[in-house]
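For reference, the structure discussed in these notes is given below.
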Amino acid sequence: MAETPIKARKRLDLKTPSKPLSSPSFLPPQTPNTQTPSRHFIPPSIESTPTRRSSRRLSLHSDDLNLTPEKPIKQTTPKTLAKSPKTPKSTRKSKLSSTQTEKVSTQEPIHPKSPALSEKRKRKSGDGLGNAVKTRARAQNVPKKRVYYKKVVFDGCEFVVGDDVYVKRRENASSDDEDPEVEECRVCFRGGRGLMIECDDCLGGFHLKCLKPPLKEVPEDDWTCGFCEAKKLGKEVQLPMPPKGKKRARTLREKLLSSDLWAARIESIWKEVDRTYWFRAHWYMIPEETAAGRQPHNLRRELYRTNDFADAEANDPLSLLLQMESVIRHCYVMSPKEFAKARNEGDDVFFCEYEYDIRWHSFKRLAEINDEEEDKDSDDDDDSASDEDWKSTKDPVSESEEDTDFEDEIEKKKPRGPSSQELAANSRKGRIFGLQKIGTKSIPKHVRCHKQTELERAKQTLLLATLPKSLPCRDREMEEISTFIKGAICDDQCLGRCLYIHGVPGTGKTMSVLAVMRSLKSELDSGSIKPYSFVEINGLKLATAENIYRVIYEALSGHRVSWKKALHFLNERFSEGKQVGKGVNKPCILLIDELDLLVTRNQSVLYNILDWPTRPNSKLIVIGIANTMDLPEKLLPRISSRMGIHRLCFGPYTYQQLQEIIMSRLKGIDAFDKQAVEFASRKVAAISGDARRALEICRRAAEIADYRVKNQSSPADTTSVGKTNVGMTDVEAAIQEMFQAPHIQVIRNSSKMGKIFLAGMVHELYKTGMAETTFEKLAFAVSCFCTSNGEQFPGCDTLLRVGCKLGECRIIICEPGSRHRLQKLQLNFPSDDVAFALKDCQELPWLAKYL
Amino acid sequence: MASFDDNTQFVIGMLRECGLAHKTIIIVLDEFHRFAQGKQRLLYSLLDAMQSVTSQAVVIGISCRLDADQLLEKRVRSRLSHRKLLFCPPSKEELDRLLECLLSLPVSSSLPQSYIVEFNKELRKILADKKFKDTIDTLLSSDSTVDQILRFLFLSVSSMDLKTGILSVENFMTAVVRMNRQPKLECTKDCSILELYILVCMKRLEMREQVSYNFNSIMKEYKAIHDSFQTPDYYARNVCIRAFEHLLQCELISFMDNRRNNQSIEFRPVKLLISPYELHQGLKLNQSCPTILQKLMDQIGKRS
């Protein structure tokens, strides 16, 4: 490090690299450590205006989280942003920079001497707007589907997945006409020519010669410019004014740090069918844009990576920016380790140590995994000292075929990463990119873009997954839920209450509550009710019942703690009214699905959760959903007295209701006969009243009809006269398929010995009147059957094997075969069924006389 | 080691990502009934995830149990789409086609043409043979699954005469004998005289309606037989214990229950695991069996 070339020192933030000098082993920069931002938590407050980017994201996310009760600032589309930034923060920022410029005291004459430092960049023009997309030879035969790339040469510059880039903030290009590659000297306002040094405070560049007194060489230690030093001492400083008529050109770095530009990390790149290039990225944020604002420990070049996706697929107003065209050029965001090692990456070097959670405004140190990857990338950089070399090492023409590209990439990584440990895929919590390549089965294009027939549309809309446009038949219940919730939260006191909802599966319990919550959300947006938070928990998706505390606490505060700690905090919040975080305690609506799963042995979890609402100032409303009607009665009296008062029953749907549900889904699709729907709904209503079942039957019926229609039309392509609608017969067939028990068919298809075995079982049952028999008795009966009817008795061991086979598919219930003679056997189906199945067997007509 | 929560989140995230990338995932749960144990969290989460538009996935459960869907909890069953496919063993006609298809050599193989022709000709003769058909019938009378047939064919082909390289009916007949072995009977055939004594003693005890007996009572019976018939074979007690242990290992006899594990084996109640019919057969087949035992068994047979 000591003999770092001058060029390298020039653009280096001297604060950090000076640290490793003292200690031979690497230590991460201490500034951020002293005040660990990961603990530094600023909860979302109503007052604080969220920063632009986050506000936009929050408004998108607010469906499931009611965190921004106030309406997000309306300035979403990039186009509406005027030339000069409007939000207070950035005006302040730009003012700051302008004041700096104003206060220039004419200081030094210019010393244009040494030749310009060569910035080794191929790309000359800053913005690639409107440029023709130059790619590979491949471009001639345009593939009809979306193609994913690992690297793309765009406008003469190569972008690889995982690269960090500057992204234009506005669509209509730059506020400054040119994007200088080289920063201008703060004193002489000329770029290049001679060594420049960077102030560690204001990041301004200065020619060594322009300084007062001029420096001979770049100092080893931290260096701050005279202006900053003077400012620190409390003096009024006048920064040099630029010569009249010359506007100070700002570099991209400056623009980024004054939030006129954005930086992002590319996660995947693809080409759309229309030959435009898109990418998906993680945004970076400057400290000013976080809810906490710039902290004293933040370095000048520090950025935060957000957990915020810029995703073109989500209907995001930002997604326009995600065309490759809005990418300006590379920047280099580095982990502390690399940043310390950084040499001459130029002006576009940034430092990133933490991830910023835009939802919770919390910080998290970037995980090891990412470091691992970045290390690999940085190795690339280090191996070949300059950018240019690095680029030339990669073969620029090779990416004609995407697959080869990937293999290439893999080969490269293999030898390099001996140290990288195997990481479980789930350590990233499903945030995985490049799924386009994994071995799943791709859905063929012709299937995806196939014009749907009426039947297919019917099938589509009958899917359980499709959310119906309207929810018929549960108006009364929804009304009740909605008045319950509103009554609870609109009270000034916000008295906590409990509601217990029960009903058999498939009667729309969860769906109704969620629909009510959606309508409440829209009311919240229109401002007619007070803000609240909504937490939804499914008892079956918790690992243990105690984990519910953790989930609730995480939903309320964004922190993950152990359940004991969470219980402690929640107790404080609900019983003592202590605030969680900084914000005011909003009423909390807690929806617990499958409540019966929370019943532990001493029922403490349920007790705690149902006790909180009764406390004053708890502002907690609990809605529990379960299948059993008498759950409160089964619980301890102190719990049932807290829960059992307010109940709501979702009865099984009647056939009219089922019919209405199906018809409302099929509205506008002429595929079903009316009687067919009625038949299906009557059948289901008679059995369970489960709407899911009814929908499934109809869907299956539609499939059967579809199959029938296709079969008809394929042999004779002429106008086939077959009915295209789903009729009674199709529904009948679907019901048959679904409700018919397969055991009779299995018995009929079993082997000869199996049949004799079962007949023996029935015979024994009639003879003794006992359901249970032993293998010894049965073997005796079977051997009698065989000898008296001219069959060969296969031996006890074979018979045992036959019995075990029947036991495996549960036609009989039996003990393990090792019990042999003592094995206990019992029929699993009514003996009448077995007798019915065996009666008219052609193979063994004599069986009938034993049944 | 990720927790259940993390893994669920991961799976759901993956499903969403794959759905966005227009990829389908097919999840096959073999031995489906095994997943229906406990709280069925996995099935619930998985089937619930199937019901969102973004996940383009299919769950296929495979089970040998007919009542697999009855094992599911109500709320899980409601989320199942109740499509059932039953796989039945092949019928007679299908079987004939299957056999011919499996056994005949393909014409376009690398083997010499004349050999293929001869092999297939011989095979057709075998398939039409009455004896072969009977063999197949005996095989399938106990178990008519494809799995069983494949094992049988493998056994038959591996016993093929390598000199001629042509299958014969005998190959199939030996194979069927090997398939339908009677392990318990064969075990008694190989028993030592002392072991046979013990088995017969146990049988006699059972005939006397003695519900529970242990090694000591067997030894008493053994001594009684020795005293009344003056048999030449009388062994010391510790030798008898060895024989007794061997019988336990062969699973010709077993303990009544596993409860009193810590007791020494002499005192634990035992049971005969072989039927009198099989024992009788075994004694007949055993060459070294003393006549007195056969006589005793005949008595028992007559009495019952």
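Quick notes
- For the range A:564-698, Kirkwood radius (reciprocal of mean inverse C-alpha pair distance, Å): 18.1
- Pairs with C-alpha atoms separated by more than 21 Å, drawn from the list A:752/B:84; A:541/B:23; A:168/A:271; A:212/A:232; A:767/A:839, are A:752/B:84; A:541/B:23.
- Distance from the range B:1-44 to the range B:217-254 (C-alpha centre basis), Å: 58
- Accessible surface of residue B:147, taken over heavy atoms with a 1.4 Å probe and every protein chain present, rounds to 90 Å².
- Shape class of the range A:672-828 from the alpha-carbon gyration tensor: prolate, with a/c at 1.5 or above and a/b greater than b/c.
- Non-local lysine pairs in the range B:194-304, meaning eight or more places apart or on different chains, with alpha-carbon distances under 17 Å, amount to 9.
- Scanning residues 5 or more positions from residue A:303 or on other chains, those with amide H under 5 Å from its amide H are A:351, A:352, A:353, with H placed 1.01 Å from N in the peptide plane.
- The residues of the range B:186-304 expose, per residue, 52 Å² of accessible area to a 1.4 Å probe.
- The mean sequence distance of close C-alpha pairs (under 8 Å, at least 6 residues apart), as a share of the length of the range B:135-189, puts its relative contact order at 40 percent.
- Principal axis dimensions, largest first and in whole angstrom, of the range A:568-644 by Cα: 40, 20, 18
- Rounded if a/c under 1.5, otherwise prolate or oblate - the range A:722-768, Cα gyration tensor axes: prolate
- Using the Cβ-Cβ distance between residue A:571 and residue A:737 with R0 set to 41 Å, the FRET efficiency works out to roughly 0.20.
- Look at the stretch B:273-280: the mean tally of other chain Cβ atoms within 10 Å of its residues' Cβ atoms is 4.
- Per-pair calculated FRET efficiency, R0 = 51 Å: residue B:190 and residue B:130 via Cβ, rounded to 0.05: 0.90
- Among the residues of B:133-146, the average count of other protein chain beta-carbon atoms within 10 Å of the residue beta-carbon is 4.
- Under 16 Å from a label point set 7 Å out along the Cα-to-Cβ vector of residue A:604, the amide N atoms of the range A:515-550 belong to A:544-550.
- Pairwise label distance in nanometres, residue B:174 with residue B:229, each label 7 Å out on the Cα-Cβ vector: 3.8
- The B-A contact accounts for approximately 6100 Å² of buried accessible area, totalled over both chains at a 1.4 Å probe radius.
- Heavy-atom accessible area order for B:250, A:498, largest first, 1.4 Å probe: B:250, A:498
- Subtracting the Cα-Cα distance of residue B:114 and residue B:100 from their residue separation scaled by 0.36 nm leaves 3.2 nm.
- Residue by residue along B:21-34, Cβ atoms of other protein chains within 10 Å of the local Cβ number 3 on average.
- The range A:779-851 and the range A:719-778: distance between their alpha carbon centers, rounded to Å: 16
- The modelled label-to-label distance between residue A:634 and residue A:364, using points 7 Å beyond Cα along the C-beta direction, is 3.7 nm.
- Helical mean residue ellipticity (222 nm; -39500 (n - 2.57) per DSSP H run of 4+; nearest 500) of chain B: -18000 deg cm²/dmol
- Label-point separation in nm, residue B:261 to residue B:24, each point 7 Å along Cα→Cβ: 4.9
- Sorting B:74-87, B:220-233, A:724-737 by their mean Cβ neighbour count within 10 Å, with the most densely packed peptide first, gives A:724-737, B:74-87, B:220-233.
- Tilt relative to chain B, helix B:193-207 - C-alpha long axis, 0 to 90 degrees, to 10: 90
- Ranked order, A:683, A:209 - accessible area, probe 1.4 Å, largest first: A:209, A:683
- Here residue B:246 sits with roughly 80 square angstrom of accessible surface, probe radius 1.4 Å.
- Spherically averaged projected area of chain B from its Cα convex hull (nm²): 27.3
- Exceeding the 25 Å Cα-Cα cut-off - candidates B:92/B:125; A:509/A:674; A:364/A:564: A:509/A:674
- Residue A:202 long-range amide H proximity, modeled H, under 5 Å: A:225
- Exposure check, 1.4 Å probe, all protein chains in place: residue A:360 carries approximately 20 Å² of accessible surface.
- Tail beyond 19 Å, pair distance distribution of the range B:66-193 (Cα, percent): 62
- Computed on the Cα trace of the range A:255-309, the radius of gyration divided by the Kirkwood hydrodynamic radius gives Rg/Rh = 1.12.
- Formal net charge of residues neighbouring residue B:242 (Cβ-Cβ distance under 13 Å; K, R +1; D, E -1): -2
- A Förster radius of 35 Å combined with the Cβ-Cβ distance from residue A:682 to residue B:37 puts the calculated FRET efficiency at roughly 0.50.
The values are calculated or read from the model by the stated rules, or taken from the named source; none is laboratory data. These numbers were taken from a predicted model, which means no experiment stands behind them. Positions of Cβ are backbone-derived with ideal geometry, glycine not excepted, and every protein chain shown enters the neighbour counts. Just so you know, the surface numbers come from the protein's heavy atoms only, side chains and all, with ligands and any DNA or RNA stripped out. Shrake-Rupley method; radii C 1.70, N 1.55, O 1.52, S 1.80 Å.
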